[in-house]
1. Quick one, can you get me the convex hull of the C-alpha atoms of chain A expressed as volume per residue in Å³?
2. Limiting things to C-alpha atoms, what are the Rg and the maximum Cα-Cα separation (Dmax) for region A:1-160, in angstroms?
3. Please grab the % of Cα pairs in region C:210-341 that end up more than 24 Å from each other.
4. Quick check on chain C: helices-only [θ] at 222 nm, where DSSP H runs of length 4 and up contribute -39,500 (n - 2.57) each and the sum goes over total residues. Nearest 500, please.
5. What is the sum of charges around A:ASP124, taking Lys and Arg as +1, Asp and Glu as -1, for the other residues whose C-beta is under 15 Å from the C-beta of A:ASP124?
6. Rounded to two decimal places and with Rh computed the Kirkwood way over Cα pairs, what is Rg over Rh for region B:129-168?
7. Measuring label to label, 7 Å along Cα→Cβ, what does D:PRO76 give against each other copy in nm, shortest first?
8. What are the ³J(HN,Hα) couplings of region D:183-191, residue after residue, when phi is run through the Karplus curve with 6.51, -1.76, 1.60 and θ = phi - 60°? Round to Hz, x for glycine and proline.
Protein chains: 4
Amino acid sequence: MIKVGIVGGTGYTGSELLRLLALHPQVELQAITSRGEVGQAVADMFPALRGRVNIAFSEPSFESLKDCDVVFFATPHGVAMAQSAELVNAGIRVVDLGADFRLKNTVEFEKWYGMPHSEPALLDQACYGLVEAARNELKNAKLVGLAGCYPTAVQLALKPLLTQGMPLIDESSIVADCKSGVSGAGRKAAVSSLFSEASENFKAYGVSGHRHLPEIEQGLQMMSGRKTSITFTPHLVPMVRGILATVYVQLNEAGQKLDIQDLYEKHYADEYFVDVMPKGSMPETKHVRGSNFARIALHRPQGRNTMVILAVIDNLVKGAAGQAVQAMNVMFDLPEHMGLEQLPLAP
Amino acid sequence: MIKVGIVGGTGYTGSELLRLLALHPQVELQAITSRGEVGQAVADMFPALRGRVNIAFSEPSFESLKDCDVVFFATPHGVAMAQSAELVNAGIRVVDLGADFRLKNTVEFEKWYGMPHSEPALLDQACYGLVEAARNELKNAKLVGLAGCYPTAVQLALKPLLTQGMPLIDESSIVADCKSGVSGAGRKAAVSSLFSEASENFKAYGVSGHRHLPEIEQGLQMMSGRKTSITFTPHLVPMVRGILATVYVQLNEAGQKLDIQDLYEKHYADEYFVDVMPKGSMPETKHVRGSNFARIALHRPQGRNTMVILAVIDNLVKGAAGQAVQAMNVMFDLPEHMGLEQLPLAP
Amino acid sequence: MIKVGIVGGTGYTGSELLRLLALHPQVELQAITSRGEVGQAVADMFPALRGRVNIAFSEPSFESLKDCDVVFFATPHGVAMAQSAELVNAGIRVVDLGADFRLKNTVEFEKWYGMPHSEPALLDQACYGLVEAARNELKNAKLVGLAGCYPTAVQLALKPLLTQGMPLIDESSIVADCKSGVSGAGRKAAVSSLFSEASENFKAYGVSGHRHLPEIEQGLQMMSGRKTSITFTPHLVPMVRGILATVYVQLNEAGQKLDIQDLYEKHYADEYFVDVMPKGSMPETKHVRGSNFARIALHRPQGRNTMVILAVIDNLVKGAAGQAVQAMNVMFDLPEHMGLEQLPLAP
Amino acid sequence: MIKVGIVGGTGYTGSELLRLLALHPQVELQAITSRGEVGQAVADMFPALRGRVNIAFSEPSFESLKDCDVVFFATPHGVAMAQSAELVNAGIRVVDLGADFRLKNTVEFEKWYGMPHSEPALLDQACYGLVEAARNELKNAKLVGLAGCYPTAVQLALKPLLTQGMPLIDESSIVADCKSGVSGAGRKAAVSSLFSEASENFKAYGVSGHRHLPEIEQGLQMMSGRKTSITFTPHLVPMVRGILATVYVQLNEAGQKLDIQDLYEKHYADEYFVDVMPKGSMPETKHVRGSNFARIALHRPQGRNTMVILAVIDNLVKGAAGQAVQAMNVMFDLPEHMGLEQLPLAP
């Protein structure tokens, strides 16, 4: 049994980790910490877990976590950075669901997150955790900076096009028009996330610059080995869970000659969690809700050279807690889908 | 392995059966029938099942189902009535998720469903499938008329009060003010179920008379052995899944003397799926969504003699497909929660 | 032109007042105050008002309001109590949309609101502002404690039954099962009002005791002259606006003999804003959304003696800002529906 | 008073016309026709109009409409084409809210709508009704093919860029990623528009080709006089009303030198219904809901050459019924905003 700790379990990614780990046959939940809730039963805060998760929040200290094999951080940025070194040095593997170990460039980190990076040495060791792109590296990773939710959707949508050795698209003019459910904003009390604000409403946000932009560009460049430029526009959808990325690329001459549908199907043929749908399909966020699946479909409207790639994930599962468990399975040499077999909840 | 057939798998209860059965370790899905969709892959209609359910719809004939151990009917009323006899006679056990075998009185059936009951003999054999109330009878049942969604919630809310040998409440003036998500109306194209009609809207319906009224009154009388009269008002909530029943009872002198919270906790102590919450709790439909759990809480406002009982279920799971699987587990002597361990999906 | 001031215009009742008053032909918006937002343009906070409301928030001082003919308080309880005396003494009429001047009994006020009432003398002068019940008193009222949202719906639902000189129902066992959209919780950042918590969810709240209970009981007793006892259960609906009250009453012998539909139609025949729908109708919250109308329908299920009364209002309009404007129209001898003619926004 | 007739008033654009026209001070509603509902009171179908619209549906014949000054068609395509000639010949002005008179090219019409155009001569006379672009032509128009909902949003978003005499952007690679509420699909019973399908869900549709594509390209070419090519992807948002168009353009050298914000502000300075928001704003659909306003904001992320233009409208108002009334006001020489002053309903 893998002994698991969770730091910061009072948000949506934390409770989602609990939902998944509670039924994982190889996991023993050792500790869940929260500064503000020490002693409170987890199931009192999340009644959906009543009768199945019988643990209370404990102090966010090394002491609480020292017997764990792996610790998940489901915390605001800055926290994992401050606490990971001690754990890693003690031989405990760390998966950060936050942003502290995603951007390799500390200057970029400081620019986008407004604080200096205090652990550049740790950062160098960190594996960027988009599982489908980092499987081998993950096996021995001590520290994982799990991919963000939007970056997971956009990178899975583009990966087959950017890993063919040569450019197939104009890599300087990609557009990723992304839409997310409100749970992406977390469980923090904020007026803009109120039901009365978000319901029956649709808007873009972060258009001039969103923290996932440098992460996406970094990830795409890791895939292609070339500089890639993307316009990334997130939008807020009046639903709780789900991300749809609508990605627009201009096929170049090489790309126009290829059967892109075939390329995607072959590329993802062995991926348990990535479903390339038949040409012309319309993936819906509900078709992955509550599950760790990603579904992708390709369109080439009017036979023109702009290709439209649609990708859906559940932001809390494949975009966070599910991918974290998937990464853990790889790290501990378990079947990758263990504990992640649930089918999407639709309708 | 239990060989399972589903008749009428194109609605929400049918797809929910598929979601649950696909992961049930002792089930082999043998056939799913639909007159209109013969030959179509199930996963084409329900992309959420892609890659996990690899079966196509077949003809709704005895031939398609003759190798099954059990057949679920997820059909409009009238269908199970017409097709069950042949199956039962062939030794195949039948669970009807529809209304054909719920009301014991054929006059009542005809009054509320507008058609005569063609199988009164079968009806006599049928077990009314509220699992918590019919467990022993279920073990050998050949034919089950599964409890409806509202009736499941209301009966679970009242069962401890009605099974104590003597009246604890005024059994002639119970009020059950019930609220359901829109999936209760099924997957039928109807203007009143359109998103633009139901969203951002709330209304009562069937106030003057709803088919679940006689079923509830029958069920309560089976419990108490006494005539019971209830005012039942269903409402439509702008959400997909979930039922909350708010039940008002007038405690009589005997009832006022009892510790009702204690009565409920003891009554349901051994029930895996029924959670009596601490006094004063507010169960939310999201706390059971996607799961087979029911949660119940008790209130006695201002210390007066009107008690308010709150009960929540997922109408498609405990109110339909989940309870059907639970019944099957009992019928085939499997652990009652096999295949039903999923935790609620919240948020 | 009536010079109007608003104290506390940063919440939903405040912005709703602005929406209505901006188009009122006899109103000149003089000042809107907010301690936290002094100097900010109102339309920056509420972009829906851009180009039509060109005023900025000012200090919440007497100075800001001294030229007004009437001041609306759209503030948390306690604020109007503290600031009204100075205004009333200066001859400025005050309409409090909050709770400070609703309960006549200061002991009850302290019990339910957790603070002593500092202005019992003012309270004695205050008119309880359910316009349909207080029209004459309103004409000369200096201070109005506007009816709350739930109390407006419940009292309109019951008024014809309680104003006939003799009891027509069992006045000790009324049940009001009420459902409200989330905007009723205001624009305050709170986890329980987050989209991800409230969407796809349904729950009761305040079951053991809600501040609107004593207000409703007081209002009903003012109508009938007799003590009335009610069980009031509020629920939260995943929609922004709207209240549906489902009220259950036991007709007594006198009540059973009457044509209650006829009683309601005659009682409300001259009310512009109260629509008694044909017998058997199902009023929907969307049928009044954005408007000042209330719609009421009557049912007597199975011909039994329990009558079900359904009433819908928009909680922000007839339940708050709209009724405030309606009251103002009465107070200033304008046509009661002036500025309130908008039709409901449906779908 | 203008005598108005409506053909096909049982859908959402029809009921929205009624909502607006009922309060228009210069309109007298003469007739509303519906083959299926002859004799039924309009307010029975749309209870939101009870007490304010007292007219019944009549036969869809010339006889019903012959006394009108103007007739609105709120019908599926094909109907206006079949019935307009007789009206126009009788001197009755026609505004078609459907698609029959939008596309100037009958070959394109047949390709996208699957039926030949039976009235090419009428089509030649028809004015394409995007009011802000066609005001002068509208004044004497006998027949108006009102702009579609998506085309209104996209064209308003691009108009200032395409009417400057020279190209400012790459006009061959525009991307319009558009999102609409479900009411855009109309009041037709269809599984894909059910609440249980559309709620808590997000998807693209019509990606490979949508009927609004040729309309948008035609409209843009009418503005610029040059061929324009656009990739148009509509998406379905789980809300009732509202469209957000996110439009991506590549600024060319001329465009990069201009102050585009200033260009937009000046271009729309005199438009009552078009609000150019301050640079960096995020227009929300709720900020125009129920109103005839469009709001537009400009972004240039990271200072790169891709500009992002955001535009919001209410699809049933500015995208249909409201723009129809606006067009009528222009046609009959009334103030353009008469009857259209309502402020958006937010929250």
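1. 137
2. For region A:1-160, the Cα-based Rg and Dmax read 15.7, 48 Å.
3. 36
4. Here the helix-only value at 222 nm equals -8500 deg cm²/dmol.
5. Local net charge: -2.
6. Reported Rg/Rh (Cα atoms, Kirkwood Rh): 1.03.
7. The answer, with the shortest distance listed first, is 2.1, 5.4, 5.5 nm.
8. Working through the residues one at a time gives 4, x, 7, x, 9, 7, 5, 8, 4 Hz.
The values are calculated or read from the model by the stated rules, or taken from the named source; none is laboratory data. Predicted model, so just to flag it, every value in this text is computed and none were measured. So basically every Cβ, Gly included, is an ideal-geometry build from the backbone, and we count neighbours across all protein chains shown. Areas reflect the complete protein model, heavy atoms only, side chains present, ligands, DNA and RNA absent. Shrake-Rupley method; radii C 1.70, N 1.55, O 1.52, S 1.80 Å.
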